[in-house]
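S.K.: Sharing a structure with you now.
Nothing in this text is a laboratory measurement; each read-out follows from the coordinates by a stated rule. In this text the structure is predicted, and so the values were computed from the model without any measurement. So basically every Cβ, Gly included, is an ideal-geometry build from the backbone, and we count neighbours across all protein chains shown.
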Amino acid sequence: MQKHKKSHTKQSKVHKTTPARRRLAKTNPDIKKETKKRATSKKTQKTALLMRTVPFLWGIGAILIVSLVAIATCWIVFFSQRAPEATQASDEKYFFADSKYQGIRSKFVTRDSSREKTSIEYPITKNNEINKITAHAIDTADTTFKEFVQNGSSNKEKMTETISYQVTHNTDTHLSIVIHIKQDMHGAHPVSDSYFWTFDKTTGKPITLNTLLENNKEDLAKVVTLARLAVKKSLKEQKQPPAELEDSLTTEILQNFLVADTKTISWPFGQSAFLASFYGEVTINLTVDALVKELQHPLAKQLFAVPEPPAPQPQPAPASPPVAQNTSCPQGRCVALTFDDGPGPYTNKLLDILSGRGAKATFFVLGSKVAGNAGTLQRAHKEGHQIGNHTWGHPDLSQLGPDVINGELARTSDAIRAAIGTAPNSARPPYGAMSPAVTTELAKLGMSAVLWSVDTRDWADRNSDIVCNRAVANARPGSIILLHDIHVSSVDAVPCILDTLSKQGYSFVTVNSILGTMAPGQTYYAG
Ligand code: NI
């Protein structure tokens, strides 16, 4: 094409008849003749030019046709990928209608044949991204169903599918929506499934639980714990067999959630989401009041009516003998290092560090971890460290009834006694969460609650330098320092803590040494 264009330009230039020459030709016969001759030659040139231009035009035409075909193909591919338009069965009908939810229309798709009876309602919001995500979920379920219909026997009863949606929260900024999928393929079990999201209407992206809690590990852990308890309670109420949820009901599975109302966060799971299918559907509802501390984030406050956080836990001087009376702390400068949530893979390394420096510590252990680590616990006990009770499964005891609290604590004390021969005299309720029922049950079991006065927040900052600095900067005579031996960064911070505080004249003793005689049912924060 480039070549054609070039020669065309060149020829036009050579045979150009200027207006001046035309004027001259009128008066001068020679020039007239020459001009005539030129005109004839020009005609020939024109034909030649045309002959050369035709392929060029054909080229342009072909390119245009190819482009049009390409655009049309893209168009078809685009629309065929865009559900709901993808469903193209011959017996399929569809229509649009306003939904009862503001700003949302519904696309109804129905199929009624000798084999199936299907009714699908797609939500059509003003955000394409949201429509795409919801339609994709619906179409995935529908494709599976259609395969069953195609492969199933036509003699049998019709297979049925009903897909509908429900909006639980709909503001200018956010949308909570759940899609219910019911399919009866006359198989072993009818399918009852659900998909749910809380969307940011600006981005069209779902908000995850991680985002809602700003990735705070402890807050996420609390939500998982409460969710497990809620499921266990509901199974019990429905007289269903108890289920092990520790592996199946995890943070991952709770990422999508619904704002059921401004006081309730909800997970309306279909069957088989995390339990065997015979359990059926399980909806988990947690009240905002149970998560006041965890939902103090701007986004959470935008979605839910979150009350102000409770006043920080007072740290009154406990009703216990002062440090000076304690004979095991002659200089009066003692601290108690405490390690929660173990025993774990780093506990033995920690015991090496402690014994190397003649330091004693206290371990608040989880009953569920004692059985597999009895040897470690026996070593800790033999080397003069104290073992305390940190419950069996790490629940928030303040949310539980007396029987469950008692079970969590008693089972753990039994496991400790089985391992080291003596039951603990102290317990640390997870999250430091206390309630009158916790106090009562502790008293019944002959234990005191031991909280802490220095929080290293080592679970949040997995950095040994930061952890050491926090412990050292906040240590006072009588301090009870909170650490977790399940994090290697915390264990690695211990040499620094021991060396720095030793230089300041501190000794490292057990909780019992720092608190002296403790009263069962009483709560202690420091010596
Ligand atoms: Ni803990």
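S.K.: Which of the residue pairs LYS182/LYS236; LYS100/LYS201; LYS107/LYS263; LYS146/LYS201 have a Cα-Cα distance greater than 20 Å in the structure shown?
M.R.: As for pairs spanning more than 20 Å Cα to Cα, those are LYS182/LYS236; LYS107/LYS263; LYS146/LYS201.
S.K.: Using the Kirkwood radius over Cα pairs, work out the Stokes-Einstein diffusion coefficient for segment 109-188 at 20 °C and 1.002 mPa s, in µm²/s as a whole number.
M.R.: 155 µm²/s
S.K.: So what's the net charge close to LEU515: Lys and Arg +1, Asp and Glu -1, counting the other residues with Cβ under 14 Å from its Cβ?
M.R.: Computed value for this residue: +2.
S.K.: Taking the dipole about the Cα centre of segment 145-300, with the C-beta of Lys and Arg at +1 and of Asp and Glu at -1, give me whichever of ASN216, GLN240, PRO206 is farthest to the positive side.
M.R.: Checked the options; the winner is GLN240.
S.K.: For segment 90-141, what is the convex hull volume of the alpha-carbon atoms per residue, in Å³?
M.R.: Working: hull volume 4.4 nm³, N = 52.
Spelled out: Cα convex hull of segment 90-141, divided by residues, is 84 Å³.
S.K.: Over 28 Å between Cα atoms, which of LYS222/LYS301; LYS232/LYS369; LYS217/LYS503 qualify?
M.R.: Beyond 28 Å between Cα atoms: LYS217/LYS503.
S.K.: Could you please report the charge total around ASN170, scoring K, R as +1 and D, E as -1 over all other residues with beta-carbon less than 15 angstrom from its beta-carbon? Walk me through the intermediate numbers first.
M.R.: Values: positive: LYS100, ARG105, LYS126, LYS201; negative: ASP98, ASP172, ASP200, ASP261.
Its environment carries a net charge of 0.
S.K.: Next question, about the same structure. If the chain between SER99 and ARG457 were fully stretched, how many nm would it gain, using 0.36 nm times the residue separation less the Cα-Cα distance?
M.R.: Additional length available on full extension: 124.0 nm.
S.K.: Among residues other than GLN238 whose Cβ falls under 15 Å from its Cβ, what is the net charge (Lys/Arg +1, Asp/Glu -1)?
M.R.: +2
S.K.: List every residue whose amide H lies under 5 Å from the amide H of MET159, counting only residues 5 or more places away in sequence or on a different chain, with H placed 1.01 Å from N in the peptide plane.
M.R.: GLU116, LYS117
S.K.: LYS93: which aspartates and glutamates have alpha carbons under 20 Å from its alpha carbon, excluding same-chain residues fewer than 8 sequence positions away?
M.R.: Cα-Cα hits under 20 Å: GLU85, ASP112, GLU116, GLU121, ASP139, ASP142, GLU147, GLU161.
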